[in-house]
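Please treat every number below as a calculation from the coordinates, not as lab data. What you see is a predicted model; the values in this text were computed from it and never measured. With ideal geometry, Cβ positions are generated from the backbone for all residues, glycine too; neighbour counts draw on all protein chains shown.
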Amino acid sequence: MEADKLLENPMNTAEITMDKIVSLAKRRGFVFPGSDIYGGLANSWDYGPYGAQLKKNIKDHWWRTFVESRNDMVGLDAAIIMNPKVWEASGHISGFNDFLVECKECHERLRPDQHLDAANQNAFMLAFSEMTFKKMEIEKLKKEASPDQAMIEKYEHDVETLAEKIFGALRTIECPHCGKRDWSHPTLFNLMFKTFIGPAEESANIAYLRPETAQAMFVDFPLVAGVSRKRLPFGIAQIGKAFRNEITPGNFIFRTREFEQMEIEYFFDSKKREWNEVFTYWQSEMESWMKSVGMDMARIHPTEIAENERAHYSARTVDFEFDYPFGRKELFGLACRTDYDLSRHAKFSGQDMTWQDPETKEKITPFVVEPTFGLDRGLLAILLSAYDEEPVGEGETRTVLRLAKSIAPVKVAVFPLMKNKPELVDKARKVFEVLRKDIVCEFDDNGNVGKRYRRQDEIGTPYCVTIDFQTLDDGTVTVRDRDTMKQDRLSLADLGNYLWEHLR
Ligand code: GAP
């Protein structure tokens, strides 16, 4: 509701740059560089006090919406390190790769797919896959008892021609660092972080940090279905860290190597429910949630992903793209994973991954629609949607985060009008102690009231309660609204109800 109001009356007119967001995030302790005292670690970020609280509020809101408020959803909190066979079955070991090229001049590395236009990307992909096939054929021929030399030479010639096509496409990319267009041969780079279980670093002990939270929801499907006694359709939800050894992380918390996902795997019988219908239903559920956390819906664009760009498991993908200051890019995704994952785990584990209808006794492998939300990208989109600069007279501007009240890290700030008046400070402390029992509150007596308002505006606190001399006389306080800056005077007896009503 409150986000609707913001959208009807958009005040967010300031030009929002990443510099402004990064600077506010650092200044107010939302997000700052990780390992800072050691010079940081590239693209690693820590969430400070308000950032941690905001992140928690977004997760709680998501969990409340998609798990606690529904009868057809249950939660899961699975281990990050899973049996490596999981990643064989899921296709991540063979297929979770990005192309990598290196500038021959300055050794800058990048992902060509992020820099090629559509025509060159197509030409590049076709030539690369054909070349891979031809190279495999050459290897096969060479292993034969009497290799067909003419055929080998023909294939080798084809490989040279294909290499020219690949380099032709790559030459359209100018190195962002040195400006040259001379790239190495592309290689495929697996994005999973490898580690070893136990002290011996040998291949038998290799394990991976999960690149998506999704797989545990497939692997645990029979157990969860059994213990929760859910009937199809039902979903499993999970929030947790995922890790990808990204070649080109960057743009603040947009693309990092360690990030958090909030994912749902929604299982259904594809004979009883048309999968595109389930897909459309979840698209609208995702949009409602984005609205409810105050995302600027005018900047969100559901985009159909072409077959050749979809993940290997997906029959259909819609990416919700967001207009970031650095361009329109993916925010969240929705995919139809069909019965791919459950079937693969059945094959690789030898276990029964089906669901048995208790009435008909029929066993089926459910289809899956997967709404997936990146928490860090979500938080960035929320900050960008909420950020505003508003003229407040006499050439002054205030910076205000118009966060949805439900996710604001601090809901109410309590001030004594003056710090050096013990009777005001005592009264304000008492009010604060009462309110904090039910509401996340902050007490502030630093600087003048104007400065305290600015500080609370910058962290998005919806209400500031000020205790002044009139409070001591008649038991009334002022409540200042973050968005309108209007102040209401009301009695302390009504304060709890007022905040309860307005923060709902
Ligand atoms: N289980 C499906 C899956 O993982 P994905 O599109 O690869 O799909 C889902 O990732 C979401 O995770 C993305 O929409 C994005 O919000 C977030 N995400 C992916 N890679 C990320 C990264 N390197 N840094 C931050 N967020 C990322």
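Please report, in debye to the nearest 20, how large the charge dipole of the chain is about its Cα centre when each Lys and Arg carries +1 at its beta carbon and each Asp and Glu carries -1 there.
Magnitude of the dipole: close to 1000 debye.
Spin-label point model (7 Å from Cα, Cβ direction): what's the Glu139 to Asp72 distance in nm?
Going from the Glu139 label point to the Asp72 one covers 4.6 nm.
Below 24 Å, Cα to Cα, which lysines can Lys451 reach? Residues fewer than 8 away in the same chain don't count.
Candidates past the 8-residue exclusion: Lys20, Lys26, Lys405, Lys411, Lys419, Lys421, Lys427, Lys430, Lys486.
Explain nothing, just compute: Karplus ³J(HN,Hα) = 6.51 cos²θ - 1.76 cosθ + 1.60, θ = phi - 60°, for every residue of the range 182-189 in order, whole Hz, x for Gly and Pro.
In residue order, the calculated couplings are 10, 10, 5, 5, x, 10, 9, 10 Hz.
Please report the Cα spread of the chain along all three principal axes, rounded to whole Å, starting with the longest.
105, 67, 50
5 Å is the cut-off here: which amide hydrogens, built 1.01 Å from N in the peptide plane, fall below it relative to Gly34, excluding neighbours closer than 5 in sequence?
Those lying under 5 Å, H to H, from Gly34 are Leu41, Ser44, Trp45, Asp46.
Describe numerically, in nm with one decimal, the distance between label points set 7 Å from Cα along Cα→Cβ at Arg64 and at Arg328.
Here the modelled spin labels are 3.3 nm apart.
Long-range amide H contacts for Phe234: which residues qualify at under 5 Å (H placed 1.01 Å from N, peptide plane, sequence gap of 5 or more or a different chain)?
Answer set, sorted by chain and number: Phe267.
Rank Ile247, Phe326, Leu495 by how far each Cα sits towards the positive end of the charge dipole of the chain (+1 on Lys, Arg Cβ; -1 on Asp, Glu Cβ) and give me just the farthest.
Leu495
Please list the non-local residues whose amide H lies under 5 Å from the amide H of Phe193, H modeled 1.01 Å from N, same-chain partners needing a gap of 5 or more.
Here Leu209, Asn245 satisfy the definition.
Can you list the HN-Hα couplings for the range 141-152, worked out from phi with the Karplus curve (6.51, -1.76, 1.60; θ = phi - 60°), rounded to whole Hz and with x for Gly and Pro?
Taking θ as phi minus 60°, the curve returns 4, 5, 7, 5, 4, 10, x, 7, 4, 5, 5, 4 Hz for the range 141-152.
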